[in-house]
1. Output the residues belonging to segment 63-96 that are open to solvent by less than 10 Å² (accessible area, probe 1.4 Å) and assigned to a helix (DSSP H, G or I).
2. If the Cβ limit is 8 Å and pairs must be 6+ apart or interchain, which residue in segment 34-57 that is β-branched (Val, Ile, Thr) pairs with which residue that is surrounded by fewer than 16 Cβ atoms within 10 Å (Cβ to Cβ) and at pLDDT 95 or above?
3. Among Leu266, Leu247, Leu277, Leu242, which is crowded, with 21+ Cβ neighbours inside 10 Å, within 16 Å of the ligand (Cβ to nearest atom), in contact (Cβ under 8 Å) with a residue 24 or more places away in the chain and over 18 Å from Pro80 (Cα atoms)?
4. Six or more apart or on different chains, Cβ atoms under 6 Å: show the pairs whose first residue is in segment 292-304 and touching a residue at least 40 places away in the same chain (Cβ under 8 Å) and within 9 Å of Ile338 (Cβ to Cβ) and whose second is outside any helix (DSSP H, G or I) and open to solvent by less than 10 Å² (accessible area, probe 1.4 Å).
5. Any idea how many residues of segment 430-455 are touching a residue at least 60 places away in the same chain (Cβ under 8 Å), open to solvent by less than 80 Å² (accessible area, probe 1.4 Å) and either under 21 Å from Thr145 (Cα atoms) or not in a loop (DSSP other than H, G, I, E, B) (or both)?
6. Going through segment 301-327 one residue at a time, which ones are open to solvent by less than 10 Å² (accessible area, probe 1.4 Å), within 16 Å of the ligand (Cβ to nearest atom) and not in a strand (DSSP E or B)?
7. Every residue in segment 138-164 that is open to solvent by 10 Å² or more (accessible area, probe 1.4 Å) and farther than 11 Å from Ser212 by Cα, please.
8. Determine whether segment 344-358 contains at least one residue that is in contact with a strand residue (DSSP E or B) (Cβ under 8 Å, 6 or more places away or on another chain) and more than 30 Å from His71 (Cα to Cα).
Amino acid sequence: MVQPYLYQRVELVEPDWTRFPGWRDVTAAEWESAQWQRAHCVKNVAQLRAVIGELVAESFYADLVADQERHATMSMLIPPQMLNTFAAAAVPGGRGSLTDAFFADPVRRYMLPVASDRDPEWPSHPYAVRDSLHEAEMWVVEGLTHRYPTKVLAELTNTCPQYCGHCTRMDLVGNSTPTVDKHRFELKPADRHDRMLAYLRATPGVRDVVVSGGDVANLPWPRLEAFVGALLEIDNIRDIRLASKGLIGIPQHWMDDEVRAGMERLAKVARHRGVGLAVHTHANSAASITPLVARAAGGLLDAGVRDVRNQGVLLRGVNDSVPALLDLCFALLDGAAITPYYFYQCDMIPGSEHWRLSLAQAQHLQHGIMGYLPGFATPRIVADVPYVGKRWVHQVESYDQVRGISLWTKNYRTSIESDDTAAISRVYPYYDPIHSLPAAGQAYWRREAGIVAAS
Ligand code: SF4
(Lines give C-alpha, C1' and ligand atoms only; values in the text may rest on other atoms or scores of the structure.)
Protein backbone atom coordinates (compact mmCIF):
# COMPACT_ATOMS: atom_id res chain seq x y z
CA MET A 1 0.00 0.00 0.00
CA VAL A 2 1.40 3.41 -0.93
CA GLN A 3 1.58 5.73 2.08
CA PRO A 4 2.80 9.32 2.45
CA TYR A 5 5.54 7.96 4.75
CA LEU A 6 7.17 4.56 4.28
CA TYR A 7 8.28 2.96 7.54
CA GLN A 8 11.48 0.94 7.32
CA ARG A 9 13.42 -0.46 10.23
CA VAL A 10 16.84 1.18 10.19
CA GLU A 11 19.84 -0.15 12.08
CA LEU A 12 21.73 2.53 13.98
CA VAL A 13 25.29 3.23 12.85
CA GLU A 14 28.18 4.90 14.64
CA PRO A 15 29.86 7.03 11.96
CA ASP A 16 33.57 6.29 11.52
CA TRP A 17 35.37 9.08 13.37
CA THR A 18 38.71 8.22 11.76
CA ARG A 19 37.40 9.73 8.50
CA PHE A 20 38.33 13.13 9.99
CA PRO A 21 42.09 13.83 9.82
CA GLY A 22 42.30 15.03 13.43
CA TRP A 23 40.86 11.79 14.78
CA ARG A 24 42.66 9.34 12.50
CA ASP A 25 44.43 7.67 15.41
CA VAL A 26 41.70 7.85 18.05
CA THR A 27 40.97 4.41 19.51
CA ALA A 28 37.55 2.99 20.41
CA ALA A 29 38.55 3.06 24.09
CA GLU A 30 39.36 6.76 23.86
CA TRP A 31 36.15 7.44 21.95
CA GLU A 32 34.04 5.72 24.60
CA SER A 33 35.68 7.65 27.44
CA ALA A 34 33.67 10.62 28.75
CA GLN A 35 36.92 12.20 29.89
CA TRP A 36 38.43 11.96 26.39
CA GLN A 37 35.24 13.38 24.86
CA ARG A 38 35.18 16.35 27.25
CA ALA A 39 38.89 17.04 26.76
CA HIS A 40 38.49 17.10 22.97
CA CYS A 41 35.37 19.23 22.59
CA VAL A 42 35.57 21.76 19.77
CA LYS A 43 35.36 25.26 21.24
CA ASN A 44 36.64 27.47 18.46
CA VAL A 45 37.36 27.60 14.76
CA ALA A 46 41.03 26.62 15.20
CA GLN A 47 40.01 23.43 17.01
CA LEU A 48 37.43 22.64 14.33
CA ARG A 49 40.10 23.12 11.69
CA ALA A 50 42.41 20.77 13.60
CA VAL A 51 39.77 18.03 13.32
CA ILE A 52 38.35 18.39 9.82
CA GLY A 53 41.14 20.38 8.18
CA GLU A 54 40.79 21.02 4.47
CA LEU A 55 37.83 18.68 4.01
CA VAL A 56 35.68 21.81 4.19
CA ALA A 57 36.53 24.91 2.19
CA GLU A 58 37.74 28.25 3.56
CA SER A 59 34.35 29.71 2.66
CA PHE A 60 32.76 27.57 5.40
CA TYR A 61 35.24 28.70 8.04
CA ALA A 62 34.81 32.36 6.99
CA ASP A 63 31.02 31.99 7.22
CA LEU A 64 31.40 30.49 10.69
CA VAL A 65 33.69 33.27 11.89
CA ALA A 66 31.23 35.87 10.58
CA ASP A 67 28.43 34.25 12.55
CA GLN A 68 30.50 34.05 15.72
CA GLU A 69 31.36 37.73 15.48
CA ARG A 70 27.99 39.14 14.44
CA HIS A 71 25.12 36.84 15.41
CA ALA A 72 25.84 33.88 17.68
CA THR A 73 23.96 33.92 20.97
CA MET A 74 25.77 30.76 22.15
CA SER A 75 29.47 30.08 22.25
CA MET A 76 30.87 27.08 20.37
CA LEU A 77 31.04 23.80 22.28
CA ILE A 78 30.65 20.52 20.41
CA PRO A 79 31.70 17.14 21.82
CA PRO A 80 33.44 14.85 19.30
CA GLN A 81 30.48 12.43 19.48
CA MET A 82 28.20 15.12 18.15
CA LEU A 83 30.60 16.55 15.57
CA ASN A 84 31.08 13.03 14.25
CA THR A 85 27.43 12.88 13.19
CA PHE A 86 27.87 15.85 10.82
CA ALA A 87 27.88 14.88 7.12
CA ALA A 88 28.12 11.21 8.12
CA ALA A 89 26.92 9.88 4.77
CA ALA A 90 29.28 12.00 2.65
CA VAL A 91 32.49 10.42 1.41
CA PRO A 92 35.56 12.47 2.35
CA GLY A 93 37.93 12.89 -0.57
CA GLY A 94 40.22 15.77 -1.26
CA ARG A 95 40.21 19.41 -0.29
CA GLY A 96 36.68 20.80 0.17
CA SER A 97 35.03 17.43 -0.43
CA LEU A 98 32.73 17.81 2.61
CA THR A 99 31.88 21.49 2.17
CA ASP A 100 28.42 21.06 0.66
CA ALA A 101 27.55 18.27 3.06
CA PHE A 102 28.58 20.44 6.03
CA PHE A 103 26.52 23.40 4.84
CA ALA A 104 23.48 21.14 4.35
CA ASP A 105 23.84 19.00 7.46
CA PRO A 106 20.83 19.18 9.83
CA VAL A 107 22.82 18.84 13.07
CA ARG A 108 25.43 21.34 11.88
CA ARG A 109 22.64 23.79 11.10
CA TYR A 110 21.70 24.17 14.74
CA MET A 111 24.91 23.24 16.59
CA LEU A 112 27.30 25.25 14.41
CA PRO A 113 25.33 28.05 12.72
CA VAL A 114 27.03 30.08 9.99
CA ALA A 115 26.13 33.64 8.99
CA SER A 116 24.62 32.61 5.65
CA ASP A 117 22.06 30.45 7.50
CA ARG A 118 20.50 33.54 9.09
CA ASP A 119 17.58 35.48 7.69
CA PRO A 120 19.21 38.55 6.07
CA GLU A 121 16.22 40.88 6.56
CA TRP A 122 14.85 39.49 9.81
CA PRO A 123 17.58 37.84 11.89
CA SER A 124 15.29 38.44 14.87
CA HIS A 125 11.54 38.99 15.21
CA PRO A 126 10.74 42.51 16.50
CA TYR A 127 9.26 40.91 19.63
CA ALA A 128 12.16 38.51 20.21
CA VAL A 129 13.71 38.96 23.65
CA ARG A 130 16.28 37.35 25.90
CA ASP A 131 14.61 35.01 28.39
CA SER A 132 11.65 34.89 26.03
CA LEU A 133 9.70 32.61 28.40
CA HIS A 134 10.22 35.08 31.28
CA GLU A 135 11.53 32.30 33.47
CA ALA A 136 13.64 34.57 35.66
CA GLU A 137 10.53 36.68 36.44
CA MET A 138 8.97 33.51 37.82
CA TRP A 139 11.93 32.48 39.96
CA VAL A 140 10.70 31.83 43.48
CA VAL A 141 14.31 31.17 44.43
CA GLU A 142 17.18 32.05 42.11
CA GLY A 143 17.01 29.41 39.34
CA LEU A 144 13.72 27.82 40.47
CA THR A 145 10.93 28.71 38.03
CA HIS A 146 7.40 28.14 39.32
CA ARG A 147 5.27 28.66 36.23
CA TYR A 148 2.71 25.85 36.31
CA PRO A 149 0.56 25.09 39.37
CA THR A 150 2.05 21.67 40.21
CA LYS A 151 5.41 21.75 38.44
CA VAL A 152 8.70 23.58 38.84
CA LEU A 153 11.88 23.87 36.84
CA ALA A 154 15.12 23.78 38.83
CA GLU A 155 18.08 25.23 36.95
CA LEU A 156 20.93 23.70 38.89
CA THR A 157 23.72 24.84 36.60
CA ASN A 158 24.18 27.33 33.79
CA THR A 159 26.50 25.19 31.70
CA CYS A 160 26.12 22.22 29.34
CA PRO A 161 28.53 19.76 27.72
CA GLN A 162 27.37 21.15 24.36
CA TYR A 163 25.88 24.46 23.32
CA CYS A 164 22.98 24.57 20.86
CA GLY A 165 22.72 27.62 18.62
CA HIS A 166 19.02 28.06 19.29
CA CYS A 167 19.16 27.66 23.08
CA THR A 168 16.06 29.10 24.76
CA ARG A 169 18.11 29.96 27.88
CA MET A 170 20.66 31.93 25.84
CA ASP A 171 20.23 34.67 28.43
CA LEU A 172 21.91 32.62 31.13
CA VAL A 173 23.46 29.46 29.72
CA GLY A 174 27.05 29.26 28.53
CA ASN A 175 29.79 31.80 28.03
CA SER A 176 29.18 35.33 26.80
CA THR A 177 29.56 35.89 23.05
CA PRO A 178 30.50 39.07 21.16
CA THR A 179 26.77 39.90 20.94
CA VAL A 180 25.40 38.56 24.26
CA ASP A 181 26.67 39.36 27.72
CA LYS A 182 25.24 36.49 29.77
CA HIS A 183 23.52 36.92 33.08
CA ARG A 184 25.03 35.06 35.98
CA PHE A 185 23.56 33.42 39.07
CA GLU A 186 24.45 35.46 42.13
CA LEU A 187 24.14 32.80 44.82
CA LYS A 188 26.68 30.04 45.23
CA PRO A 189 25.45 26.67 43.83
CA ALA A 190 25.15 25.01 47.25
CA ASP A 191 23.10 27.96 48.62
CA ARG A 192 20.82 28.01 45.60
CA HIS A 193 20.20 24.28 45.77
CA ASP A 194 19.48 24.44 49.52
CA ARG A 195 17.01 27.29 49.02
CA MET A 196 15.27 25.40 46.21
CA LEU A 197 14.85 22.38 48.46
CA ALA A 198 13.56 24.58 51.29
CA TYR A 199 10.94 26.09 48.96
CA LEU A 200 9.83 22.64 47.79
CA ARG A 201 9.59 21.33 51.35
CA ALA A 202 7.35 24.30 52.18
CA THR A 203 5.19 24.07 49.04
CA PRO A 204 3.10 20.88 49.07
CA GLY A 205 1.24 21.88 45.90
CA VAL A 206 4.28 21.02 43.81
CA ARG A 207 4.50 17.36 42.78
CA ASP A 208 6.79 17.44 39.74
CA VAL A 209 10.35 18.78 39.46
CA VAL A 210 12.29 19.15 36.23
CA VAL A 211 15.94 19.09 37.29
CA SER A 212 17.65 20.99 34.55
CA GLY A 213 20.07 23.80 33.71
CA GLY A 214 21.93 24.00 31.53
CA ASP A 215 22.37 20.27 31.51
CA VAL A 216 22.58 18.04 34.58
CA ALA A 217 25.41 16.14 32.86
CA ASN A 218 27.61 19.10 33.82
CA LEU A 219 27.00 18.80 37.55
CA PRO A 220 29.56 16.92 39.62
CA TRP A 221 27.81 13.60 40.24
CA PRO A 222 27.80 13.80 44.08
CA ARG A 223 26.06 17.21 43.88
CA LEU A 224 23.33 15.94 41.53
CA GLU A 225 22.83 12.76 43.54
CA ALA A 226 22.55 14.75 46.77
CA PHE A 227 19.94 17.11 45.22
CA VAL A 228 17.82 14.32 43.72
CA GLY A 229 18.20 12.28 46.90
CA ALA A 230 16.84 15.23 48.90
CA LEU A 231 13.92 15.60 46.45
CA LEU A 232 13.12 11.92 46.96
CA GLU A 233 12.66 12.61 50.68
CA ILE A 234 9.93 15.21 50.05
CA ASP A 235 6.57 13.45 50.23
CA ASN A 236 4.76 15.65 47.72
CA ILE A 237 7.34 15.17 44.94
CA ARG A 238 5.99 12.35 42.77
CA ASP A 239 7.80 12.96 39.47
CA ILE A 240 11.44 13.91 38.92
CA ARG A 241 12.77 14.47 35.44
CA LEU A 242 16.47 14.92 34.83
CA ALA A 243 17.09 17.03 31.72
CA SER A 244 20.19 16.17 29.72
CA LYS A 245 20.86 16.77 26.08
CA GLY A 246 24.21 15.25 27.00
CA LEU A 247 22.61 11.84 26.55
CA ILE A 248 22.67 12.66 22.83
CA GLY A 249 25.72 14.93 22.68
CA ILE A 250 28.04 12.98 24.97
CA PRO A 251 26.37 9.64 25.82
CA GLN A 252 29.73 8.56 27.25
CA HIS A 253 28.90 10.65 30.33
CA TRP A 254 25.87 8.49 31.13
CA MET A 255 27.90 5.30 30.48
CA ASP A 256 30.52 6.31 33.07
CA ASP A 257 30.76 3.84 35.98
CA GLU A 258 30.27 6.45 38.73
CA VAL A 259 27.20 7.90 37.00
CA ARG A 260 25.71 4.46 36.27
CA ALA A 261 26.13 3.31 39.85
CA GLY A 262 24.67 6.57 41.17
CA MET A 263 21.65 6.33 38.86
CA GLU A 264 21.03 2.81 40.12
CA ARG A 265 21.01 4.06 43.72
CA LEU A 266 18.60 6.89 42.90
CA ALA A 267 16.30 4.70 40.79
CA LYS A 268 16.11 2.12 43.57
CA VAL A 269 14.97 4.73 46.10
CA ALA A 270 12.56 6.25 43.58
CA ARG A 271 10.95 2.86 42.87
CA HIS A 272 10.71 2.12 46.58
CA ARG A 273 8.97 5.44 47.20
CA GLY A 274 6.75 5.21 44.11
CA VAL A 275 8.32 8.27 42.47
CA GLY A 276 8.64 8.46 38.68
CA LEU A 277 12.33 9.16 38.01
CA ALA A 278 12.86 9.78 34.28
CA VAL A 279 15.52 11.26 32.02
CA HIS A 280 14.50 13.79 29.38
CA THR A 281 16.79 14.43 26.48
CA HIS A 282 16.85 16.61 23.36
CA ALA A 283 17.50 15.13 19.91
CA ASN A 284 16.46 17.00 16.77
CA SER A 285 17.70 14.71 14.02
CA ALA A 286 17.81 10.97 13.39
CA ALA A 287 21.52 11.38 12.62
CA SER A 288 22.17 11.98 16.32
CA ILE A 289 20.82 8.58 17.38
CA THR A 290 23.80 6.23 17.23
CA PRO A 291 24.58 2.89 18.89
CA LEU A 292 26.42 4.71 21.70
CA VAL A 293 23.33 6.83 22.41
CA ALA A 294 21.28 3.62 22.47
CA ARG A 295 23.76 2.01 24.88
CA ALA A 296 23.66 4.98 27.21
CA ALA A 297 19.83 5.13 27.15
CA GLY A 298 19.65 1.35 27.68
CA GLY A 299 22.00 1.70 30.64
CA LEU A 300 19.65 4.24 32.25
CA LEU A 301 16.68 1.91 31.76
CA ASP A 302 18.71 -1.00 33.17
CA ALA A 303 19.58 1.20 36.15
CA GLY A 304 15.85 1.41 36.81
CA VAL A 305 14.71 4.83 35.59
CA ARG A 306 11.08 4.78 34.61
CA ASP A 307 11.52 6.19 31.12
CA VAL A 308 13.84 8.11 28.83
CA ARG A 309 11.92 10.68 26.78
CA ASN A 310 12.82 13.07 24.00
CA GLN A 311 11.86 16.73 23.80
CA GLY A 312 13.02 17.96 20.42
CA VAL A 313 12.76 21.40 18.90
CA LEU A 314 11.21 22.03 15.48
CA LEU A 315 13.83 23.80 13.41
CA ARG A 316 13.74 24.91 9.81
CA GLY A 317 16.38 23.11 7.75
CA VAL A 318 16.82 20.51 10.48
CA ASN A 319 13.59 18.56 10.94
CA ASP A 320 10.82 20.58 9.28
CA SER A 321 9.29 17.73 7.31
CA VAL A 322 7.13 14.74 8.17
CA PRO A 323 9.80 12.20 7.06
CA ALA A 324 12.51 13.95 9.10
CA LEU A 325 10.35 13.91 12.23
CA LEU A 326 9.17 10.33 11.79
CA ASP A 327 12.70 9.09 10.96
CA LEU A 328 13.85 10.68 14.22
CA CYS A 329 10.95 9.25 16.23
CA PHE A 330 11.51 5.72 14.90
CA ALA A 331 15.28 5.93 15.48
CA LEU A 332 14.56 6.97 19.07
CA LEU A 333 11.88 4.38 19.70
CA ASP A 334 13.13 1.36 17.75
CA GLY A 335 16.83 1.95 18.08
CA ALA A 336 17.30 3.44 21.52
CA ALA A 337 14.06 2.78 23.49
CA ILE A 338 13.68 6.55 23.97
CA THR A 339 10.06 7.72 23.94
CA PRO A 340 9.31 10.60 21.54
CA TYR A 341 7.45 13.04 23.76
CA TYR A 342 7.37 16.64 22.55
CA PHE A 343 8.50 18.83 19.72
CA TYR A 344 8.63 22.49 20.69
CA GLN A 345 8.35 25.45 18.40
CA CYS A 346 11.71 27.25 18.52
CA ASP A 347 11.34 30.10 21.01
CA MET A 348 11.41 33.79 20.11
CA ILE A 349 14.91 34.60 21.24
CA PRO A 350 17.18 36.98 19.29
CA GLY A 351 18.75 35.41 16.20
CA SER A 352 16.28 32.54 15.95
CA GLU A 353 14.09 33.80 13.12
CA HIS A 354 15.65 31.60 10.41
CA TRP A 355 15.07 28.48 12.52
CA ARG A 356 11.44 29.15 13.41
CA LEU A 357 8.37 27.67 11.74
CA SER A 358 4.92 29.22 11.51
CA LEU A 359 2.07 27.85 13.55
CA ALA A 360 0.44 26.65 10.30
CA GLN A 361 3.58 24.69 9.41
CA ALA A 362 3.66 23.16 12.90
CA GLN A 363 0.00 22.19 12.65
CA HIS A 364 0.68 20.61 9.26
CA LEU A 365 3.56 18.59 10.74
CA GLN A 366 1.45 17.45 13.70
CA HIS A 367 -1.22 16.24 11.28
CA GLY A 368 1.40 14.49 9.15
CA ILE A 369 2.96 12.44 11.95
CA MET A 370 -0.31 11.12 13.38
CA GLY A 371 -1.06 7.42 12.95
CA TYR A 372 2.43 6.05 12.32
CA LEU A 373 3.71 5.80 15.89
CA PRO A 374 2.07 4.18 18.89
CA GLY A 375 -0.16 6.71 20.63
CA PHE A 376 2.06 6.85 23.73
CA ALA A 377 5.04 7.74 21.54
CA THR A 378 3.35 10.20 19.18
CA PRO A 379 4.89 13.54 20.13
CA ARG A 380 2.73 16.56 20.69
CA ILE A 381 3.96 19.63 18.87
CA VAL A 382 3.69 22.58 21.21
CA ALA A 383 4.35 26.29 21.31
CA ASP A 384 5.73 27.64 24.58
CA VAL A 385 3.67 30.82 24.66
CA PRO A 386 5.17 33.57 26.86
CA TYR A 387 3.30 33.90 30.19
CA VAL A 388 1.15 30.90 29.22
CA GLY A 389 3.31 27.78 28.92
CA LYS A 390 3.14 24.85 26.58
CA ARG A 391 0.09 24.82 24.32
CA TRP A 392 -0.61 22.11 21.75
CA VAL A 393 -0.49 23.81 18.34
CA HIS A 394 -4.14 22.99 17.63
CA GLN A 395 -5.29 24.70 20.84
CA VAL A 396 -4.98 28.18 19.32
CA GLU A 397 -7.93 30.54 20.04
CA SER A 398 -7.58 32.62 16.88
CA TYR A 399 -4.96 32.97 14.17
CA ASP A 400 -4.29 35.79 11.71
CA GLN A 401 -2.22 34.01 9.08
CA VAL A 402 -1.45 37.23 7.16
CA ARG A 403 0.30 38.99 10.04
CA GLY A 404 1.28 35.71 11.66
CA ILE A 405 -0.29 36.51 15.02
CA SER A 406 -1.93 33.73 17.01
CA LEU A 407 -3.79 34.24 20.29
CA TRP A 408 -3.82 31.80 23.19
CA THR A 409 -5.52 31.35 26.54
CA LYS A 410 -4.64 29.40 29.65
CA ASN A 411 -6.33 27.67 32.55
CA TYR A 412 -3.99 28.44 35.46
CA ARG A 413 -2.06 31.30 36.99
CA THR A 414 1.72 31.49 37.07
CA SER A 415 3.43 32.28 40.37
CA ILE A 416 3.50 36.02 39.56
CA GLU A 417 -0.23 36.25 38.82
CA SER A 418 -1.86 35.33 42.13
CA ASP A 419 -3.53 38.79 42.27
CA ASP A 420 -4.14 39.10 38.54
CA THR A 421 -7.87 38.55 38.10
CA ALA A 422 -7.63 38.71 34.28
CA ALA A 423 -4.80 36.18 33.92
CA ILE A 424 -7.12 33.37 32.90
CA SER A 425 -9.52 35.37 30.72
CA ARG A 426 -6.79 37.30 28.87
CA VAL A 427 -5.46 36.28 25.43
CA TYR A 428 -1.71 36.06 24.90
CA PRO A 429 -0.04 36.61 21.51
CA TYR A 430 2.52 34.47 19.71
CA TYR A 431 4.16 35.31 16.41
CA ASP A 432 5.05 33.45 13.23
CA PRO A 433 8.45 34.09 11.63
CA ILE A 434 8.11 37.00 9.24
CA HIS A 435 9.76 35.21 6.31
CA SER A 436 6.83 32.74 6.33
CA LEU A 437 4.18 35.46 5.84
CA PRO A 438 2.53 36.64 2.63
CA ALA A 439 3.64 40.01 1.20
CA ALA A 440 0.93 41.96 3.04
CA GLY A 441 2.03 40.47 6.35
CA GLN A 442 5.68 41.23 5.71
CA ALA A 443 4.75 44.83 4.83
CA TYR A 444 2.82 45.08 8.12
CA TRP A 445 5.93 44.04 10.07
CA ARG A 446 8.19 46.46 8.19
CA ARG A 447 5.92 49.25 9.48
CA GLU A 448 5.50 47.68 12.92
CA ALA A 449 9.23 47.06 13.46
CA GLY A 450 9.91 50.81 13.56
CA ILE A 451 7.16 51.32 16.15
CA VAL A 452 8.44 48.45 18.32
CA ALA A 453 12.03 49.74 18.10
CA ALA A 454 10.92 53.27 19.09
CA SER A 455 8.83 52.06 22.04
S1 SF4 B 1 21.64 21.54 25.97
FE2 SF4 B 1 19.72 22.63 26.38
S3 SF4 B 1 20.30 24.25 27.84
FE4 SF4 B 1 22.20 23.48 26.92
S5 SF4 B 1 22.56 24.83 25.15
FE6 SF4 B 1 21.39 23.09 24.37
S7 SF4 B 1 19.26 23.77 24.47
FE8 SF4 B 1 20.46 25.14 25.82
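The values are calculated or read from the model by the stated rules, or taken from the named source; none is laboratory data. Everything numeric here is computed off the predicted structure, so don't read it as measured data. Neighbour counts run over all protein chains shown; Cβ positions are idealised from the backbone, glycine included. Remember, those area values only see protein heavy atoms, side chains included, never the ligands or the DNA or RNA. Shrake-Rupley method; radii C 1.70, N 1.55, O 1.52, S 1.80 Å.
1. Answer for segment 63-96, where residues must be open to solvent by less than 10 Å² (accessible area, probe 1.4 Å) and assigned to a helix (DSSP H, G or I): Leu64, Asp67, Pro80, Gln81, Met82, Leu83.
2. Val45/Val65; Val51/Pro21; Ile52/Pro21; Val56/Gly96
3. Details: Leu266 fails: within 16 Å of the ligand (Cβ to nearest atom); Leu247 fails: over 18 Å from Pro80 (Cα atoms); Leu277 fails: within 16 Å of the ligand (Cβ to nearest atom).
None of the others qualify; the one that does is Leu242.
4. Ala297/Val308; Ala297/Ile338
5. Adding up the residues that qualify gives 9.
6. Of everything in segment 301-327, those that are open to solvent by less than 10 Å² (accessible area, probe 1.4 Å), within 16 Å of the ligand (Cβ to nearest atom) and not in a strand (DSSP E or B) turn out to be Leu315, Asn319.
7. Taking segment 138-164 as the starting set, the residues that turn out to be open to solvent by 10 Å² or more (accessible area, probe 1.4 Å) are 139-142, 146-151, 153, 157-160, 163-164.
Of everything in segment 138-164, those that are open to solvent by 10 Å² or more (accessible area, probe 1.4 Å) and farther than 11 Å from Ser212 by Cα turn out to be Trp139, Val140, Val141, Glu142, His146, Arg147, Tyr148, Pro149, Thr150, Lys151, Tyr163, Cys164.
8. no
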